[in-house]
Structure formats: C-alpha cells, structure tokens
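S.K.: If you scroll down you'll find the structure; I have some questions about it.
The values are calculated or read from the model by the stated rules, or taken from the named source; none is laboratory data. The structure presented is a predicted model; accordingly, all values stated were derived computationally and were not measured. All Cβ positions, even for glycine, are placed from backbone atoms using ideal geometry, and neighbour counts span all protein chains on display. Note: accessible area is taken over every heavy atom of the protein model, side chains too, but ligands, DNA and RNA are not part of it. Shrake-Rupley method; radii C 1.70, N 1.55, O 1.52, S 1.80 Å.
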Amino acid sequence: MDLLETFKGSNDLLDFTAGTVIFQENSQGGHMYVVIKGEVRVTLKGKELAKAKAGEIVGEMALISADLRSATVTAVTDCTLAVIDQSSFESLIRHVPDFSRHVMNVLVERIHHAYEKI
C-alpha cells in the first residue's frame with residue numbers, strides 16, 4: 001500500500017520543524033501519523049529504536065491498544081505528517097484491507113527488529 005499517495009492530499013497535515021517532539025512516551029495517544037515529508041526518530045528511554053521516513057507510519061500502537069504511547073517521536077528534519085485519529089483508523093481497518101495488512105507488517109517488522117536487539 002502506498003500510504004504516501006493515499007494521505008498526501010489529506011486535510012489533516014501537520015508541519016514540524018527539526019528537533020520538535022511530536023509525542024512522548026507515556027503520553028496519551030489519540031492519533032497515529034503517516035510521514036508525508038521528512039524523517040522522524042523513534043526513541044524509548046532516550047535510546048533510538050528506529051527512524052521513519054516518507055510513506056511510513058508512527059504512533060499506531062497507541063490506537064491499537066488504547067494505551068499510553070510506548071515511545072517518543074521527534075522530527076529529525078523539517079517534516080509533514082498526516083494525522084489519523086481513532087475513528088479514521090478504525091474505518092481504514094474495516095474498509096481498506098491493504099491498510100490492515102500494512103499495519104500488521106509494520107508491527108511484525110518492529111517485533112523482529114526488537115528481537116535482534118535483545
């Protein structure tokens with residue numbers, strides 16, 4: 001699924017300057033994001049877990065589990081992110097099978113990456 005194409009025309013775009021914390025671990029998470037332009041860093045307790053660039057997602061775990069944010073995301077470069085709220089997320093999961101598969105693939109990839117670090 002080409003998330004960049006799907007969301008780049010969205011009305012819910014936010015711009016962040018390099019160095020801006022987009023969300024912090026242990027904060028409430030009511031949105032996930034698609035990186036439209038730029039790059040963000042995902043950290044946990046100050047340790048870098050991953051980077052996400054245009055076309056990739058961050059923040060999805062808080063929507064799936066309705067739990068607090070599991071990591072901090074910071075803009076590495078000036079960036080633009082598409083915002084997906086809980087309602088839109090659930091609609092996408094129900095009506096766009098490619099989106100569901102994409103989110104599952106991202107989660108599996110992150111679990112494999114975490115196992116490699118252990």
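S.K.: Out of everything in region 15-32 that is of a type in the set (Gly, Ala, Ser) and modelled with pLDDT of 90 or more, what residue ends up being nearest to SER70 (Cα to Cα)?
M.R.: SER27
S.K.: Could you give every pair whose Cβ atoms fall below 6 Å, whose first residue belongs to region 37-52 and is within 20 Å of GLY9 (Cα to Cα), and whose second residue is open to solvent by 60 Å² or more (accessible area, probe 1.4 Å) and part of a loop (DSSP other than H, G, I, E, B), counting only separations of at least 6 or pairs across chains?
M.R.: Once the first residue is within 20 Å of GLY9 (Cα to Cα) and sits in region 37-52, its partners that are open to solvent by 60 Å² or more (accessible area, probe 1.4 Å) and part of a loop (DSSP other than H, G, I, E, B) give GLY38/ASP78.
S.K.: With the requirement that a residue be β-branched (Val, Ile, Thr) and out of contact with any strand residue (DSSP E or B) (no Cβ under 9 Å at 6 or more places or on another chain), what does region 7-63 give you? Lay out the reasoning, then the answer.
M.R.: The first filter runs over region 7-63 and keeps only residues β-branched (Val, Ile, Thr), leaving 17, 20-22, 34-36, 40, 42-43, 57-58.
The answer is none; no residue qualifies.
S.K.: Another question about this same structure. Cβ-Cβ under 6 Å, sequence separation 6+ or interchain: first residue in region 15-31 and free of Cβ contacts under 8 Å to residues at least 24 places away in the same chain, partner assigned to a strand (DSSP E or B) and open to solvent by less than 40 Å² (accessible area, probe 1.4 Å). Which pairs?
M.R.: No pair meets every condition.
S.K.: Let me ask another. What is the residue count in region 4-17 for residues that are assigned to a loop (DSSP other than H, G, I, E, B) and either surrounded by fewer than 14 Cβ atoms within 10 Å (Cβ to Cβ) or not hydroxyl-bearing (Ser, Thr, Tyr) (or both)?
M.R.: Number of matching residues: 5.
S.K.: Sticking with this one: Against the condition closer than 20 Å to ILE36 by Cα and more than 11 Å from the chain's Cα centre (by Cα), how does ASP78 come out, does it pass? Explain how you work it out, then say what you get.
M.R.: On the way: closer than 20 Å to ILE36 by Cα: yes; more than 11 Å from the chain's Cα centre (by Cα): yes.
Answer is yes for this residue.
S.K.: Of all residues in region 17-38, which are within 18 Å of PHE7 (Cβ to Cβ) and of a type in the set (D, E, K, R)?
M.R.: Across region 17-38, the qualifying residue is only LYS37.
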